[in-house]
Amino acid sequence: MKTSEDQVVEDDSGFQDDEESFFQDIDQLQKHGINMADIKKLKSVGICTVKGIQMTTRKALCNIKGLSEAKTVGFQTAFEYSAKRKQVFHITTGSQEFDKLLGGGIESMAITEAFGEFRTGKTQLSHTLCVTAQLPGEDGYSGGKVIFIDTEHTFRPDRLRDIADRFNVDHDAVLDNVLYARAYTSEHQMELLDFVAAKFHEEGGVFKLLIIDSIMALFRVDFSGRGELAERQQKLAQMLSRLQKISEEYNVAVFVTNQMTADPGAGMTFQADPKKPIGGHILAHASTTRLSLRKGRGEMRIAKIFDSPDMPENEATFAITAGGVADAKE
């Protein structure tokens, strides 16, 4: 019989062996003729893995002081890429119906965005994922640590204790495995991603989930009016590109929440819902999977696949309970 502590971030040697091959430190490039001085220059700008080099543009590499013309990475077959995709894991939402909608849960190497009005369950889902990400799951998933970036002052450690009770895991163990940061400006939010990448490299394979609740709140404050819209979208695109690279480079799941705004043009097109998620096309294209959340009766909430590369448009009903997100009662 496993103790409650054993259930949290359980070790799985087979799964970790696969991860070690995924996180290839750039020090290994010495074996292929790259000198240590150039490797140190790469590390100085936050590029610490071989995959990190692959996801950096030639122009960006050439801008690193002391580096000559960089070599580019060529194509690979779909079969080779399929082998890499076997590293992908899913984190349960706490609801079987919700997981089924997502093809197993929140996917790694991807950005999952959940948007909706207030009280639709975005923050409750974020808190539930903080706990479920630490639990052993299907297909050899061993569980891991979480980083939570809070932009709206909505994170509550006591909520994690309630959810931990539901899954019969130790309160202190759960809280110790969640790194929390409060972001106060959009620039601060971007700087925190540098810390996140450094932490993921320092403890390769230990962290499984990055949560940002919410992704756009500070951008709405720092950039106001149409005159600053172009600059806002440019800064947002840079941050989302960074998030995409982090998710792929370190094989983590990225979960972000988003707010809604009134759509002035909805009345002209006779749309049923005159509201839309903020962030525009930049955020829409950057998110791998987009989830629309809306209220149901009482504690019931409805999740809909708004956009996904491989999941059909569908809906699932779930409930917000004392123990977090769970299946809706019939």
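The values are calculated or read from the model by the stated rules, or taken from the named source; none is laboratory data. Computed from a predicted structure; not experimentally measured. Ideal geometry is used to build each Cβ from the backbone, glycine not excepted, and the neighbour counts take in all protein chains shown. With ligands, DNA and RNA removed, areas are computed over all heavy atoms of the protein, side chains included. Shrake-Rupley method; radii C 1.70, N 1.55, O 1.52, S 1.80 Å.
Summary table below
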| item | result |
| --- | --- |
| Calculated FRET value between Phe195 and Lys329, using beta carbons and R₀ = 41 Å, to 0.05 | 0.50 |
| Candidates per GluC sites (Glu not before Pro) in the range 114-160, loop by DSSP, up to 11 other Cβ within 10 Å | Glu138 |
| Mean separation of Cα contacts under 8 Å, 6 or more apart, over the residue count of the range 99-182: relative contact order % | 27 percent |
| Computed label-point distance, nm, for sites Asn314 and Thr185 using a 7 Å Cα→Cβ extension | 4.6 nm |
| Calculated Rg and Dmax of the range 141-209 using C-alpha coordinates, Å | 13.3, 39 |
| Accessible area of the range 182-330 belonging to carbon and sulfur atoms, whole % at 1.4 Å probe | 52 percent |
| Contour minus Cα-Cα distance for Lys276 and Lys84 (0.36 nm per residue) | 65.6 nm |
| Nearest-0.05 FRET efficiency for Ser241 and Ser44, computed from C-beta distance (R0 22 Å) | 0.65 |
| Ranked by how many other beta carbons lie within 10 Å on average, peptides 300-312, 43-55, 199-211, 119-131 from highest | 119-131, 199-211, 43-55, 300-312 |
| Relative contact order [Cα under 8 Å, 6+ residues apart], the range 201-330, whole percent | 18 percent |
| Inter-probe distance in nm under a simple model that places probes 7 Å from Cα toward Cβ, at Ser224 and Asp172 | 4.7 nm |
| Nonlocal amide H pairs with Phe207, under 5 Å, H built at 1.01 Å | Lys145 |
| Cα pair distances in the range 186-330, grouped into 10 Å bins until the bin that holds the longest one, percent each | 9, 32, 35, 21, 3, 0 |
| Accessible solvent surface per residue of the range 155-314, calculated while the other protein chains remain in place, 1.4 angstrom probe, Å² | 50 Å² |
| For peptides 101-110, 313-322, sequence by mean Cβ density within 10 Å, most packed first | 101-110, 313-322 |
| Cross-link reach list, lysines versus Lys199, counting only Cα pairs under 19 Å and skipping chain neighbours closer than eight places | Lys40, Lys41, Lys43, Lys51, Lys145, Lys208, Lys245 |
| Estimated vicinal HN-Hα couplings, Hz - the range 136-144 in sequence order (Karplus 6.51, -1.76, 1.60; Gly, Pro = x) | x, x, 7, 6, x, 5, 9, x, x |
